[in-house]
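Shown next, in structure tokens, is the structure this report addresses.
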2 protein chains.
Amino acid sequence: MSDATAGLTPEELGAYFALVEVANLLQYAVDGHLRAEGDLSYLQFQILATLNDAPGGRLRMTDLADGLVHSRSGLTYQAGLLDKRGLITRSPSPDDERSVMVTVTDAGRALVGRVLPGHVADVRRLLLDPLADGDLATLNDVLGRVRRHMRATPPRSARPRARRKS
Amino acid sequence: MSDATAGLTPEELGAYFALVEVANLLQYAVDGHLRAEGDLSYLQFQILATLNDAPGGRLRMTDLADGLVHSRSGLTYQAGLLDKRGLITRSPSPDDERSVMVTVTDAGRALVGRVLPGHVADVRRLLLDPLADGDLATLNDVLGRVRRHMRATPPRSARPRARRKS
DNA sequence: TATTGTTATACTCTATAACTATA
DNA sequence: TATAGTTATAGAGTATAACAATA
């Protein structure tokens, strides 16, 4: 993509670009499917699926935000949309009156179940099929390591707002 | 992220999620830096960098669009912003009067040169540093294969509009 | 005082379709 | 007729800051 070569070897550059492009193409395709099948953005699907896996299908807003969204108002906005469609409900937490518990409804679970087969098929077709034996384990190993590294070195803007002044 | 497990093994799921998350965290961090340093979105940087590498620093709109953008109006919009800032110029192509040639200006090249060191540093710190010996070659091999596969099976919506009726 | 979440507001970006001009 | 690009318009999403309520 440029003299981005400046300071990066062609091999480093290639890995960087390939990673970004593969992830983008994958998300674009999957997002299109989710919208067509369930009128869901990728983010909305992630929210529903995360809740779907959580014990009791419920999570605090703050816990739900982790990793999914960059600003809290963004989550409030998306939750509002899902709430309006009856896919989740929100209620004050019994423990901490400041918190809001988000819960997937039956309709929400049903919708996740409905889009999942196609979603999985997309992922398999685009990402998994071209992998050779052993590639999967390698990707898990390498990307897992990178992910742990990145989580340990979060970009300033992704830090919980609690940390802003501390 | 859910019963997305349905149809995917934990290993497949892990690779999928790790890929998406790593790419997202990387792009988010890099995008933040580009905005802070050069008031550029990642897409704008890609456009400038692509032109910067092209022979003569110039490309047709159509050729520039390839892979960078999903709709043509999107490129027109972004090019308009870059043009307004004096980072590129647009002029009708001599060969084909329908085409528009986009050219990086000196200011555009200077800006790319200015943000590049920090950009490269980000990529190195977040993605490259945690890699072990051989990981780079592996990533290039595997992701390169996936990329070729994806390009050969483009999502319907990313297809050139020329193909819509054919 | 710090934390949780919402709201108001403004802005960026994207997409669709209609349109112009050239091939 | 098909292609290249622009524009109008409208909608989706995001971020910042101000806010209310609870800890």
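The values are calculated or read from the model by the stated rules, or taken from the named source; none is laboratory data. In this text, all values refer to a predicted model and were calculated from it rather than measured experimentally. For neighbour counting, all protein chains shown are included, and Cβ atoms are generated from backbone atoms with ideal geometry for every residue, glycine included. Just so you know, the surface numbers come from the protein's heavy atoms only, side chains and all, with ligands and any DNA or RNA stripped out. Shrake-Rupley method; radii C 1.70, N 1.55, O 1.52, S 1.80 Å.
Observations, loosely collected:
- Looking across region A:8-61, just one residue is touching a His at 6+ places or on another chain (Cβ under 8 Å) and within 13 Å of DNA strand C (Cβ to nearest atom), and that is A:Tyr28.
- Identification of helices (runs of 4 or more DSSP H) wholly contained in region B:1-111 with 3 or more residues that are within 14 Å of chain A (Cβ to nearest Cβ) and within 13 Å of the chain's Cα centre (by Cα) yields B:10-38, B:42-53.
- Condition check for A:Ala49: among the hydrophobic types (A, V, I, L, M, F, W, C) and either within 12 Å of DNA strand D (Cβ to nearest atom) or under 30 Å from B:Thr153 (Cβ atoms) (or both): yes
- Residues located in region A:31-53, provided they are closer than 18 Å to A:Leu126 by Cβ and open to solvent by 40 Å² or more (accessible area, probe 1.4 Å): A:Arg35, A:Ala36, A:Glu37
- Here A:Gly56 clears all of (1) open to solvent by 30 Å² or more (accessible area, probe 1.4 Å); (2) at negative phi except the condition numbered (2).
- Checking each residue in region A:112-130 for being open to solvent by less than 50 Å² (accessible area, probe 1.4 Å) and in a loop (DSSP other than H, G, I, E, B) picks out only A:Pro130.
- Within region A:62-83, the set of residues being open to solvent by 40 Å² or more (accessible area, probe 1.4 Å), within 11 Å of DNA strand C (Cβ to nearest atom) and not acidic (Asp, Glu) comprises A:Thr62, A:Ser71, A:Arg72, A:Ser73, A:Thr76, A:Tyr77.
- Against the list (1) within 14 Å of another protein chain (Cβ to nearest Cβ); (2) open to solvent by 20 Å² or more (accessible area, probe 1.4 Å), the condition B:Gly144 fails is (2).
- Top-ranked residue in region B:11-28 [being closer than 12 Å to A:Leu128 by Cα and of a type in the set (Asp, Glu); ranked as most open to solvent (accessible area, probe 1.4 Å)]: B:Glu11
- Just one of the listed residues (B:Leu64, B:Leu82, B:Leu34) is out of contact with any strand residue (DSSP E or B) (no Cβ under 7 Å at 6 or more places or on another chain) and not basic (Lys, Arg), namely B:Leu34.
- Residues of region A:84-108 classified as open to solvent by 70 Å² or more (accessible area, probe 1.4 Å) and closer than 29 Å to A:Arg151 by Cα, total: 3
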